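The values are calculated or read from the model by the stated rules, or taken from the named source; none is laboratory data. None of the values given here were measured: they were computed from a predicted structure. Because the Cβ atoms are built from the backbone with ideal geometry, glycine has one as well, and the counts that use them run over all protein chains shown. We work out accessible area using only protein heavy atoms, side chains counted, and drop any ligands, DNA or RNA first. Shrake-Rupley method; radii C 1.70, N 1.55, O 1.52, S 1.80 Å.
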Amino acid sequence: MLSEVRGWLRRRTSSAADWPIEALVEAKGRTTVSVVLPARDERETVGDIVRTIRRDLDRIVDELVVIDSRSRDDTAAVAARAGADVHAQDEILPHLCPLHGKGEALWKSLAVTSGDVVAFADADIRRFRSSLVGGVLGPLLADPTVAYAKACYDRPLNGTRNGGGRVTELVARPLINLHWPQLAGFVQPLAGEYAGRRSALERVPFLTGYGVELGLLVDLLDLAGLDAFAQVDLGAREHRPQSTEALGAMAAQIMLAAWSRLERQGKIEARHDPAALLTQFRRVEAGHDVLTSEVGIAERPPMITVAGAARPSAHAPTRAGPAVAVARRAG
Ligand SMILES: O=c1ccn([C@@H]2O[C@H](COP(=O)(O)OP(=O)(O)O)[C@@H](O)[C@H]2O)c(=O)[nH]1
Ligand SMILES: O=C(O)[C@@H](COP(=O)(O)O)O[C@H]1O[C@H](CO)[C@@H](O)[C@H](O)[C@H]1O
């Protein structure tokens with residue numbers, strides 16, 4: 001590990017215990033806070049998450065938004081009944097060609113929220129604790145030099161303490177260590193709980209699909225530098241696990257996200273085939289069914305470049321990093 005990263009870990013790591021609600025209230029001051037839950041088919045869990053945030057963080061959170069990400073169940077109604085402001089992903093910025101995936105939901109949330117700080121959390125978390133959101137808000141409310149804070153936690157799965165985070169361990173962590181060693185200090189680089197200063201989030205592109213977390217880490221590192229990041233140990237997080245098949249498609253999107261940044265940094269040749277197809281197999285009586293899925297990702301430009309969409313924030317990033325070159329991709 002780079003000595004720079006060791007130093008960063010010492011300086012910029014805190015834990016849930018460092019951010020009790022009274023400390024958050026004191027640190028908040030006039031900073032406005034938005035919480036965003038991207039939700040696709042999360043009717044089983046989204047209601048409890050919304051109610052818990054409303055109950056525990058009402059003195060911190062100024063707006064609580066659920067982005068209904070093309071749910072096929074009644075996620076939107078469940079979230080609204082629990083007290084969230086719900087926006088249908090495809091109805092935000094309707095003049096733009098609608099795209100699919102988590103990153104699209106997160107990017108569009110910037111257009112329907114106004115907080116100086118925006119915190120994100122997955123909506124499939126079981127036994128949700130408000131510290132999963134309060135914890136990542138702490139460093140941003142308390143320290144103006146922090147632009148982005150990510151949760152880290154154990155990932156219990158199938159009875160083992162860290163059986164989860166399968167794509168993190170098999171894909172994201174190796175890629176980060178090989179190509180972006182400054183980010184190697186993130187214990188959970190793909191964690192879905194994080195918070196950022198709007199002034200930073202609206203100046204970086206968002207990759208659609210599951211590449212969004214890796215893309216944000218790489219682009220915010222370029223924009224604001226490692227010391228603008230913080231990490232908060234929040235114990236453990238349990239969520240609805242996806243199948244290995246589904247994680248195969250997720251892994252492909254994270255690889256595409258990495259390729260897109262390596263291309264932009266001139267480290268590899270651009271892929272010429274715009275389609276990104278993944279073939280997988282399912283055992284059937286007579287052999288195997290062949291499943292082919294489109295796993296391509298697209299890129300949304302920094303929200304601040306989208307006419308009439310962003311609310312310029314009063315707080316500029318702590319480092320006037322290079323303007324992020326944004327190649328708007330078709331799709
Ligand atoms: O197209 C999508 C896919 C996922 N999600 C949400 O993003 C979060 C993380 O997604 P998921 O649980 O599928 O990923 P995992 O946590 O299993 O890696 C969850 O709240 C999903 O409902 C979304 O809003 N749109
Ligand atoms: O970390 C991971 O490997 C994946 C899958 O986790 P599990 O193996 O299902 O616990 O989960 C994360 O990855 C997604 C893609 O970045 C994020 O969107 C999720 O929020 C996060 O849970």
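The table that follows gives values for the structure above.
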quantity: Cα lying deepest toward the dipole's positive end in the chain, options Ala286, Gly135, Val66, charges on Cβ; calculated: Gly135
quantity: Farthest positive-ward along the chain dipole, Cα basis, beta-carbon charges - from Leu220, Thr13, Pro38; calculated: Thr13
quantity: For the chain: accessible area per residue (Å², 1.4 Å); calculated: 44
quantity: Whole-Hz ³J(HN,Hα) from phi, Karplus 6.51 cos²θ - 1.76 cosθ + 1.60, for the stretch 37-52, glycine and proline x; calculated: 10, x, 9, 10, 6, 10, 4, 6, 10, 5, x, 4, 5, 4, 5, 5
quantity: Alpha carbon centroid spacing (whole Å) that separates the stretch 232-267 from the stretch 98-123; calculated: 17
quantity: Estimated inter-spin distance, Arg54 and Arg271, nm [label 7 Å along Cα→Cβ]; calculated: 4.1
quantity: Other-chain or far-sequence residues with amide H under 5 Å of Phe229's (modelled H); calculated: Ala147
quantity: Solvent exposure ordering (accessible area, 1.4 Å, most first) of Thr305, Thr13, Thr45; calculated: Thr305, Thr13, Thr45
quantity: Candidate residues Asp154, Asp116: accessible-area rank, largest first, probe 1.4 Å; calculated: Asp154, Asp116
quantity: Amide proton proximity set for Ser114, modelled H, under 5 Å, gap of 5+; calculated: none
quantity: Label-point gap, in nm, between Arg282 and Ala17 - each point 7 angstrom along Cα→Cβ; calculated: 4.8
quantity: Under-5 Å amide H pairs with Val86, H placed in peptide plane, nonlocal only; calculated: Val66
quantity: Fraction of beta bridges assigned by DSSP in the chain that are antiparallel (%, nearest 5); calculated: 45
quantity: Residue (of Gly29, Leu93, Ile49) at the positive-pole extreme of the stretch 3-305, dipole from beta-carbon charges; calculated: Gly29
quantity: Ranked order, Met255, Met303, Met250, Met1 - accessible area, probe 1.4 Å, largest first; calculated: Met1, Met255, Met250, Met303
quantity: Per-residue ³J(HN,Hα) for the stretch 288-298, Karplus 6.51 cos²θ - 1.76 cosθ + 1.60, θ = phi - 60°, Hz, x for Gly and Pro; calculated: 9, 7, 9, 10, 10, 10, 8, 10, x, 10, 10
quantity: Computed FRET value (nearest 0.05) for Ser243 with Asp90, which takes r as the C-beta separation and R₀ as 22 Å; calculated: 0.30
quantity: Solvent-accessible surface (1.4 angstrom probe) belonging to Asp48, in square angstrom, nearest 10; calculated: 90
quantity: In nm, spacing of pseudo-spin labels at Asp73 and Asp227 (7 Å Cα→C-beta vector); calculated: 4.6
quantity: For Lys28, solvent-accessible area (1.4 Å; no DNA, RNA or ligand), Å²; calculated: 20
quantity: Volume per residue of the C-alpha convex hull in the chain, rounded to whole Å³; calculated: 143
quantity: Share of carbon and sulfur in the accessible heavy-atom surface of the stretch 3-305 [1.4 Å probe, %]; calculated: 52
quantity: Residue-level accessible surface for His100, protein heavy atoms, 1.4 Å, Å²; calculated: 90
quantity: Dipole magnitude (debye, nearest 20) for the chain, charges at Cβ of Lys, Arg, Asp, Glu; calculated: 520
